[in-house]
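We did not get these values from a lab; they are worked out from the coordinates using the rules stated. This one's a predicted model, so the numbers in the text were calculated from it and none came from an experiment. Here Cβ is always computed from backbone atoms with ideal geometry, including for glycine, and neighbour counts include all displayed protein chains.
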Amino acid sequence: MMENDTLYDKVWRSHSVHERDDGMTLLYIDRHLVHEVTSPQAFEGLRIAGRAPWRRDSILATADHNVPTTDRSQGIEDPISRRQVDTLDENCRHFSITQFPMLDVRQGIVHVIGPEQGASLPGMTIVCGDSHTSTHGALGALAFGIGTSEVEHVLATQCLLLKKSKNMQIRVDGRLPAGVTSKDIILAVIGRLGTAGATGYTAEYAGAAIRALSVEGRMTMCNMSIEAGARAGMIAVDDTTLEYVAGRPFAPQGAMWEQAQAYWQTLRSDDGAKFDAVVELDASDLKPQVTWGTSPEMVTAVDGVVPQDDNVDHRNALQYMGLQPGTPIEAIEIDKVFIGSCTNSRIEDLREAAGLIRDRSVADNVKLAMVVPGSGLVKRQAEEEGLDRIFKSAGFEWREPGCSMCLGMNADQLEPGERCASTSNRNFEGRQGKGGRTHLVSPVMAVGAALHGHFVDVRKWMA
Amino acid sequence: MRPFTRLETTLLPLDRSNVDTDAIIPQQYLKSVKRTGFGKYLFDNWRYLDPGTLDTDPGQRRTDPDFVLNQDTYAGAEVLLVRDNFGCGSSREHAVWSLLDHGFRVVIASSFADIFCSNSYKNGLLPITLQAAEVDDLFDQVEQDPAYVCTVDLEKQLVQDQNDRVFSFEISEFHKHCLLNGYDEIDITLQHEDKIRAYEDRMKQACPWLFP
Ligand code: SF4
């Protein structure tokens, strides 16, 4: 039997504390990541019930959604945002939970700092009150987003009561052409599957194109699993994974490392593993992707056109986006550019983005182009490599780390009607500000758009 | 949690697919540290023409008369009727809190996003998945007659209308049991406290790096 297991089956089984007769499994959680937005009501519930966290050392907290990306030395100006961040500080103090507060260089977007610190490890179960927790699956972990009641449940019991999902394999073979990135793969996958296509499944990304990706690139893909409906996305452990994890602050060292990595190397689907669904793509056929609508599935290649509005969802989307069917994607002009978010704010993203600038400047019609590193450590590394100077001299703003304009809970927002090329993961109505219009793209595509003032096919520059 | 057993009510039709949780409750309201008071911000971007924050008084904002939630015709409905993939996107439980706070107890859709569903169960909101054709049918009924009434019976897993048309729905035994009784899942889990401790003892041996 053992040789038919998927990666998901293996990690799930090794965390099953108890299987109930009604089909629910009590699943043990190794790592609990916490941020300020979805935790206050959970901590309050804990206090009201007179409970303490079951395992403090499993928790790592940081404030990322509300923090300003401009000068922070004076604290947070917006009193409501400040109260939420203060509430997290106070809860972490009260319950003795490890936190990277706003002024700590290790602070950042929770999905960037987990892997960066080695707090997210292969084979772990990882949860956070945030749907993009799927990101951490890139390390061969089972990582998924939960609601606030579940946050409280994990705080109180270290477990969740869950029903196992089905297995989906997403196979990407072939080689990515120059100028096409892991962001384009995942956007194409979502375009193919639809936003509910993987609902009820855990997705495993496999194939030569995935093996060839860095862990950063893999995180971009797993991050957006939820945009296809999958609560979790996973990638098998290989040498790339182990090299990434080695030496990180929370990772095991010495003899413990040897023991851990021997186990981690078993974390891949068996050759005969059974998947309930398989999706196949050839990376060599892919082109840079741009979303044109208000759902990530509304996506096309950069050399394509805005499609016909032949159903009610498309009509609503095109009306909201202010676009006409038949418009070439490259003819769409933009007002703002956002490079950041847990999808694309890691050092590799910033290197690729900066690499495209080559002494050019942001186009005159672009009101704001901003780069928001995913963490204080990413920011520091980028500055050591001189990337900040490249961005700044081209006219980009270089900001402090956080979620920023991915969802605009802080001051970074689109004005009504403004159009943005964004490296984030959601183009929903109002996501970046009421009335704002979001086009999801890769970091290099965002830079291309910034330099030209409209979308351009970056393959022409990178061949 | 407030138990859910049986309900007789009108339905509010929201003819949209892929309604994401950002649309159910926008980001600026997630700054609240409470679980209550979100009802007035439900579908905020569709409902109000003026922007709002936690600080602004919704009574002072212009509403969009074309949006179904603003129409008296459907006032008081405790069932929200929608299409595919309701509640996709962000895991924010505020979406469920705002639906409940507004007065909805049931959402009927042809499909739901996973996290939205589990958040619903934990708060006593019943998500009912029906066939797309059945959902179409309900939309037709409600649009012809806004006073159209249905009974939702969780025990029997049935939605039944005034003309005795019956739609049955699936729900896991576990969630049905919790909803009917208003059980708190933390209490259920803590009944297995010894098993959790035994698991931890085993794993400290097998994977010591997980217990630094
Ligand atoms: S960067 Fe965006 S998607 Fe990621 S955690 Fe922050 S708000 Fe959520």
For this session: Check cross-link reach from A:Lys10 to the lysines: straight Cα distance under 22 Å, and skip same-chain residues fewer than eight apart.
Result: A:Lys163, A:Lys164, A:Lys166, A:Lys274, B:Lys195, B:Lys204
For this session: Return the aspartates and glutamates within reach of A:Lys434: Cα separation strictly under 13 angstrom, same-chain partners fewer than 8 residues apart disregarded; answer none if there are no such residues.
Result: A:Asp412, A:Glu415, A:Glu418, B:Asp22, B:Asp44, B:Asp50
Problem set entry | Leading residue at positive end of dipole, chain A (Cβ point charges), from A:Ile59, A:Gly376, A:Ile332 | A:Ile59
Exercise. What is the fewest-to-most order of B:Tyr199, A:Tyr201, B:Tyr183 by other Cβ atoms lying within 10 Å of their Cβ?
Worked result: B:Tyr183, B:Tyr199, A:Tyr201
For this session: May I ask for the distance between the Cα centers of segment B:132-207 and segment A:62-133, given as a whole number of Å?
Result: 33 Å
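Could you please rank A:Asp309, A:Asp349, A:Asp21, placing first whichever residue has the fewest other Cβ atoms within 10 Å of its Cβ? Before the final figure, lay out each step's value.
Details: A:Asp309 17, A:Asp349 31, A:Asp21 7.
In increasing order of surrounding Cβ atoms, one gets A:Asp21, A:Asp309, A:Asp349.
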Seminar exercise, completed: Summed over the other residues with a beta carbon less than 14 angstrom from that of A:Glu333, with K and R at +1 and D and E at -1, the charge totals 0
Seminar exercise, completed: At R0 = 41 Å the Cβ-Cβ FRET efficiency linking A:Val278 and A:Asn316, nearest 0.05, sits at 0.80
Seminar exercise, completed: A:Arg248 and B:Asp72 label points (each 7 Å along its Cα→Cβ direction) are spaced in nm at 5.9 nm
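State to the nearest 20 debye the size of the charge dipole of chain B about its Cα centre, where the only charges are +1 on K and R beta carbons and -1 on D and E beta carbons.
Working: 21 positive and 35 negative charges, 176 e Å.
Rounded to the nearest 20 debye, it is 840 debye.
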Problem set entry | Estimated vicinal HN-Hα couplings, Hz - segment A:262-278 in sequence order (Karplus 6.51, -1.76, 1.60; Gly, Pro = x) | 4, 5, 4, 5, 8, 8, 8, 5, 5, 4, x, 4, 9, 10, 6, 8, 10
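To the nearest 0.05, what FRET efficiency results for A:Lys460 and A:Lys367 with a Förster distance of 25 Å applied to their C-beta separation?
Numbers: r = 25 Å, r/R0 = 1.02.
With R0 = 25 Å, the Cβ-Cβ based efficiency is 0.45.
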Exercise. Given charges of +1 on the Cβ of Lys and Arg and -1 on the Cβ of Asp and Glu, with all other atoms neutral, how large is the dipole of segment A:202-332 about its Cα centre, in debye to the nearest 20?
Worked result: 360 debye
Exercise. What ranking do A:401-413, A:282-294, A:376-388 get when scored by the average of other Cβ atoms within 10 Å per residue, highest first?
Worked result: A:401-413, A:282-294, A:376-388
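Please state the relative contact order of segment B:87-211 as a whole percent: Cα pairs under 8 Å, 6+ residues apart? List each step's numbers first, then the result.
Values: 113 pairs, mean separation 20.1, N = 125.
Relative contact order comes out at 16 percent.
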Exercise. Could you state the number of Å between the C-alpha centres of segment A:1-21 and segment A:351-412?
Worked result: 43 Å
Problem set entry | Cα convex hull of segment B:1-111 - mean projected area over all directions, nm² | 7.2 nm²
Problem set entry | Folded to 0 to 90 degrees: helix B:193-206 orientation relative to chain B principal axis, Cα | 60 degrees
For this session: Can you tell me the FRET efficiency between A:Glu3 and A:Lys164 if r is taken as the Cβ-Cβ distance and R0 is 30 Å, rounded to the nearest 0.05?
Result: 0.95
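Using only helices, what value at 222 nm comes out for chain A when you add -39,500 (n - 2.57) per DSSP H run of length 4 or more and divide by the total residues, to the nearest 500 deg cm²/dmol?
Values: 16 runs with 144 residues, N = 463.
Here the helix-only value at 222 nm equals -9000 deg cm²/dmol.
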Seminar exercise, completed: For segment A:22-141 the mean separation of alpha carbon contacts under 8 Å (6+ apart) over residue count, i.e. relative contact order in percent, is 34 percent
Seminar exercise, completed: Computed for chain A: size of charge dipole around the Cα centre, +1 on C-beta of each Lys and Arg, -1 on C-beta of each Asp and Glu, debye to nearest 20, value 320 debye
Exercise. Please state the relative contact order of chain A as a whole percent: Cα pairs under 8 Å, 6+ residues apart?
Worked result: 18 percent
Exercise. So who's got an amide H within less than 5 Å of the one on A:Gly402, skipping anything under 5 residues away but keeping other chains? H placed 1.01 Å off N, in plane.
Worked result: A:Ile109
Seminar exercise, completed: With the charge dipole of the protein assembly as shown built from beta-carbon charges (+1 for Lys and Arg, -1 for Asp and Glu) about the Cα centre, the Cα from B:Leu180, A:Trp264, B:Leu30 projecting farthest to the positive end belongs to A:Trp264
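Among B:His175, A:His94, what is the fewest-to-most ranking by other Cβ atoms within 10 Å? Walk me through the numbers before you get to the answer.
Values: B:His175 22, A:His94 12.
Ranking B:His175, A:His94 by Cβ neighbours within 10 Å, fewest first, gives A:His94, B:His175.
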Exercise. Separation between the A:Glu385 and B:Val166 pseudo-spin-labels, each 7 Å from Cα along Cα→Cβ, expressed in nm?
Worked result: 6.5 nm
